[in-house]
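Written out below as structure tokens is the structure these notes cover.
The values are calculated or read from the model by the stated rules, or taken from the named source; none is laboratory data. This one's a predicted model, so the numbers in the text were calculated from it and none came from an experiment. All Cβ positions, even for glycine, are placed from backbone atoms using ideal geometry, and neighbour counts span all protein chains on display. Surface accessibility is based on the protein's heavy atoms, side chains included, excluding ligands, DNA and RNA. Shrake-Rupley method; radii C 1.70, N 1.55, O 1.52, S 1.80 Å.
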Amino acid sequence: MLLTSAKKLRSMGIIGMNQRNFGLISRYNPRHLYPLVDDKLKTKLLAQKAGITVPTLLGTVEFQHDVKLLGEILQPHEQFVIKPAKGSGGKGILVIVKHDEHRHYFKPSGETLQLVDIKRHVSNIISGLHSLGGKTDTVMIESLIQLDPVFADYSYEGIPDIRIIVFRGYPIMAMLRLTTHASDGKANLHQGAVGVGIDIGTGSALHAVQFGKTVLHHPDTQKTFSELVIPHWDKLLQLAAACYEMTGLGYLGADLVLDRDKGPMIIELNARPGLSIQVANFAGLAPRVALVESFESIDATPGQRVLFSKTHFATGSNTLSPRQERTRESDD
Amino acid sequence: MNAKLRLYILVILLMGLGIGLILYKHYVLGFPLLPDHKKSVWTVEAKVDFTARGDPVIVSFALPPQTPDIIFTQEEFASPDYGFSELPSTAGRRAQWSKRTASGPQTAYYRLSMYEADHNVASQQASDLPPEPEKPEFDELHKTAATTLLEQVRNKSANTEILVRELIVTLNSNTPNQNQNLLLKEQATEDYKTQLIIDLLALEGISARIVRGLYLQNNRRRQSLSNFVEVYIGNEWLLFNQTTGKTGKPKNFLVWQRGDESLLDVVGGKDSQISFSIIKNVHSTRNLAVKDNLSKQATLMDFSIYSLPIEQQNAFKVILLLPIGALIVVIMRLLIGIRTSGTFMPILIALALIQTTLISGIIIFLLVVSTGLLIRSYLSRLNLLFVARISAVIIVVIIIMAGISIVSNKFGIDQAMTVTFFPMIILSWTIERMSVLWEEDGPREVLIQGGGSLLTAIIAYLFMTNRTIEYLTFNFPELMLVNLALILVLGQYTGYRLSELYRFHSLERRNVTHQR
């Protein structure tokens, strides 16, 4: 069967795009808060103010005529990431792992770039190639995240990231996104990255999918996912939960990474997180959303909320009655 | 919930208003709901001939009454050098031609174009009670025959209607008995027969009157009016065919005159004669309705698109199709879940397809976009700023378009010349977006989104070029309100998209294996 029935999906609590847009995004995410997360530079400054760890900002380029200074900005840094502040879906991100004195820059794949190539990329970003709606953009140059050894066998040419859906401050679902050869080192599911559902309670892997199909081991490294457990899991949940206070967005996707040296950090927030996380977790968001929606008021601190989530949204903690499989939106 | 309630009230209001206006236009103003609806328009010409005697001449001629079930589109009166006036009288309208002196053969014309309205008007209510019929004067012999006949007929009938029919049938029977022969005489004229029926009914105390009318048949000349009898039964006048006894107005029959006033009076002339000729024309009902209502100055029409100059009307024809395209896009995106590049780009492509026709339009579109993509990929290596690059793409697109036009002209392929109907900016944007998509998400995504856009555009095109839809959107702009209401409802749809049933189908399989 290529199609499943809507009834089955509903019984599993799968949330569709329309329900996400209508019942979650437009209901819990006030429009005026979007710029906080759509502009990564703003998010970074906000996070720094809130004491949340983020990758170090090495420099920014805001105007076209500053592009010629790029060589000097990049000179002191061996490794760096260039990304558009308003890009979405990992678009326009350029990772340089090393460069030599002849101004040759190397991508993780080994491909060599000239400074002029990087300048063109930067100038494209500024003129709005990757930004939403083609608006002029700012270029951010960040320190490169160092791959945590725990992921060494689970990643190919890139840094895996952890997407946590935070609903009204409660982390309700999580997924690890592993880069593959097919995804060209990017952690984007639709480009071929592997999505691994993560147990909110323990941080251990549940299921893994690539291109919507179940996989049991990483397609490039062949390492099985069964023994994968994400370290610093509590800290990661705490960081994600704190983003609610930071941004005020009721339904957001926090993208976190584990840095070998600096530990967990937030790299990006998303006001319109996608729905593939349900496939990776083999579970629907609706029951969890419904449970949190049933609260009159939410717990005050991220710590309390994480505790709640860990007990209620862990796999096997069957605290949800089937009655609660509908969100508030579908009740009225 | 409050917002939801308000929305549904709004939706119901919009729906009600839209549908109400459509029904009003259909039933009251007579707009047909289908474009091919045709109506026969009859043109009847009455020709009055007479020979003048050199004295003052007055010709008075009965005109057909204007009733709601018949719409007159044109009335003309012609006769050289005659003064003309139209006189209303209690028995109906009359035309009057007059001249101080005239001699020799004279002719006057009256021409009428009319068609029957769709809506059936309830049979004519008598405005006031007709006077008790005067008892006719028969001599003793005829009176006996009449009484006998009436008695015989009365015995066979339960009510007045049957009695009248029975009377007519008996009078016309092939095997007349003595009484009938006596009453009808030999070779009775139609007029005599009518009068006889009226008289016999008067004996029974039933009011009846003569009705003259014209059978409408195409290409008939030298026709004359046929006599009918109208009988007052139960508060209304019923028409009876005086030969067959059938009730009701026959199809394609124009009532010309009611009552026994003369059809034609000529003072100062002799040998007067009247003949009718009839021609049928077929017209689109919609055009007739527009013309009729514009001339009647119906308020709804006065403030409608029809009051605009033709050029603007044509522009609106296209603009009014856009909501249909928008509805298609909403359905495709929200219900089906097809990804398109740019929300409303498919509509713009569909508009271009309307101008170019489908197949050649698609070929041209694919040709321009793929050539553009090739050149765009070269431009991306030139290290250009964004605005400059998109401008360059625009120029390239124009060059490609010019190239296609010229080359196809040389080869004699006329269809390809329509390339100019594609909006250049749209093509350029498409190329730019597709090329960025290609670089970032790979050719697969380009195919998905490009294909989705094209598919949506084709479906929108098919709907927008459907004759019925085109007709309805233009003639019933109120449909937009219904469309708006539909889109508002669809905006509330939070169920799964069709594509999501595929997207999440693997979940179901895993679910099954888990349960085992």
**Report entry** Solvent-accessible area of B:Phe138 with every protein chain in place, 1.4 Å probe, in Å² to the nearest 10
**Finding:** 50 Å²
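Where does segment B:314-476 land on the Kirkwood hydrodynamic radius, alpha-carbon pairs, in angstrom? Write out the running numbers ahead of the final one.
On the way: mean 1/r = 0.0606 Å⁻¹.
Answer for segment B:314-476: a Kirkwood hydrodynamic radius of 16.5 Å.
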Query raised in the report: Considering only protein heavy atoms, what per residue accessible area in square angstrom results for the protein assembly as shown with a 1.4 angstrom probe?
Result: 48 Å²
Query raised in the report: With every protein chain present, what accessible area does B:Asp191 have (1.4 Å probe, heavy atoms only), rounded to the nearest 10 Å²?
Result: 80 Å²
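Order B:Arg212, A:Arg120, A:Arg10, B:Arg376 by their accessible area, 1.4 angstrom probe, all chains in place, largest first. List each step's numbers first, then the result.
On the way: B:Arg212 40, A:Arg120 60, A:Arg10 115, B:Arg376 5 Å².
From most exposed to least exposed: A:Arg10, A:Arg120, B:Arg212, B:Arg376.
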Query - Exposure of B:Val397 as accessible area (Å², to 10), given a probe of 1.4 Å and all protein chains - result: 0 Å²
Report task. Give the ranking of B:Thr299, B:Thr90 by solvent-accessible surface, highest area first, calculated with a 1.4 Å probe. Result -> B:Thr90, B:Thr299
Query raised in the report: So how do B:Ser89, B:Ser408 rank on accessible area, 1.4 Å probe, biggest first, that is with the largest at the start?
Result: B:Ser89, B:Ser408
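Based solely on its DSSP helices, what 222 nm [θ] is calculated for the protein assembly as shown when runs of n ≥ 4 H residues each add -39,500 (n - 2.57) and the sum is averaged over all residues, nearest 500 deg cm²/dmol? Could you put the intermediate results ahead of the total?
Values: 27 runs with 334 residues, N = 848.
Rounded to the nearest 500, it is -12500 deg cm²/dmol.
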Query raised in the report: Gain in length, B:Glu236 to B:Leu10, computed as 0.36 nm per residue apart minus the alpha-carbon separation, to one decimal in nm?
Result: 76.8 nm
Report summary line: Residues from segment A:1-28 losing no less than 40 square angstrom of accessible surface in the full protein assembly compared with the chain alone, 1.4 angstrom probe, ligands and nucleic acids excluded, are A:Leu2, A:Leu3, A:Thr4, A:Leu9, A:Met12, A:Ile14, A:Met17, A:Asn18, A:Phe22
Requested in this report: Note down the relative contact order for chain B as a percent, whole number, built from C-alpha pairs under 8 angstrom at least six residues apart.
Outcome: 19 percent
Requested in this report: List the trypsin sites (Lys or Arg not before Pro) within segment B:213-310 that fall in a DSSP loop (any state other than H, G, I, E or B) and whose Cβ has at most 12 other Cβ atoms within 10 Å.
Outcome: B:Lys251
Query - Debye equation applied to the C-alpha atoms of chain B, log10 I(q)/I(0) at 0.05, 0.09, 0.12, 0.13 Å⁻¹ - result: -0.42, -0.85, -1.16, -1.27
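Just want to confirm a number: the relative contact order over segment B:314-476, from Cα pairs under 8 angstrom separated by 6+ residues, in percent. Intermediate values should be presented prior to the final figure.
On the way: 164 pairs, mean separation 66.3, N = 163.
Averaging sequence separation for qualifying contacts and normalising by length gives 41 percent for segment B:314-476.
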Query - Candidates per chymotrypsin sites (Phe, Trp or Tyr not before Pro) in segment A:1-109, loop by DSSP, up to 14 other Cβ within 10 Å - result: A:Phe63
Report task. Only Lys, Arg, Asp and Glu count, each charged at its Cβ (+1, +1, -1, -1), so figure out the dipole size of the protein assembly as shown about its Cα centre, rounded to 20 debye. Result -> 1600 debye
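Could you sort out which of A:Lys68/A:Lys98; A:Lys135/A:Lys310; A:Lys186/A:Lys310; A:Lys8/A:Lys262 sit more than 32 Å apart by Cα distance in this structure?
Values: A:Lys68/A:Lys98 20 Å; A:Lys135/A:Lys310 40 Å; A:Lys186/A:Lys310 29 Å; A:Lys8/A:Lys262 44 Å.
Listed pairs above 32 Å: A:Lys135/A:Lys310; A:Lys8/A:Lys262.
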**Report entry** 1.4 Å probe, heavy atoms, protein only - residues of segment A:278-311 losing at least 20 Å² accessible area vs chain alone
**Finding:** A:Val279, A:Phe282
Requested in this report: Under a 10 Å cutoff between Cα atoms, tell me which one of A:Leu113, A:Leu269, A:Leu178 has the largest fluctuation in the Gaussian network model of chain A.
Outcome: A:Leu113
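How would the protein assembly as shown be classified by its alpha-carbon gyration tensor: rounded, prolate or oblate, with rounded meaning a/c under 1.5 and the a/b versus b/c comparison settling the rest? Provide the component values of the computation, followed by the final result.
Working: a/c = 4.21, a/b = 2.56, b/c = 1.64.
Since a/c reaches 1.5 and a/b is larger than b/c, the shape of the protein assembly as shown is classed as prolate.
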Query raised in the report: Over segment B:314-476, what percent of the accessible surface lies on carbon and sulfur atoms, probe 1.4 Å?
Result: 73 percent
Report summary line: Interface A-B: total buried accessible area (1.4 Å probe, Å², nearest 100) of 3600 Å²
Query raised in the report: Under the definition of Cα pairs under 8 Å and six or more residues apart, what whole-number percent is the relative contact order of chain A?
Result: 19 percent
Requested in this report: Provide a whole-number value for the mean count of partner chain Cβ atoms within 10 Å of the Cβ atoms in peptide A:183-196.
Outcome: 1
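Starting from segment B:429-481, pick out the trypsin sites (Lys or Arg not before Pro) whose DSSP state is loop and whose Cβ has at most 14 other Cβ atoms within 10 Å. If you can, show how the numbers build up before the last one.
Details: sites: B:Arg433, B:Arg444, B:Arg467; in loops: none.
Qualifying residues, ordered by number: none.
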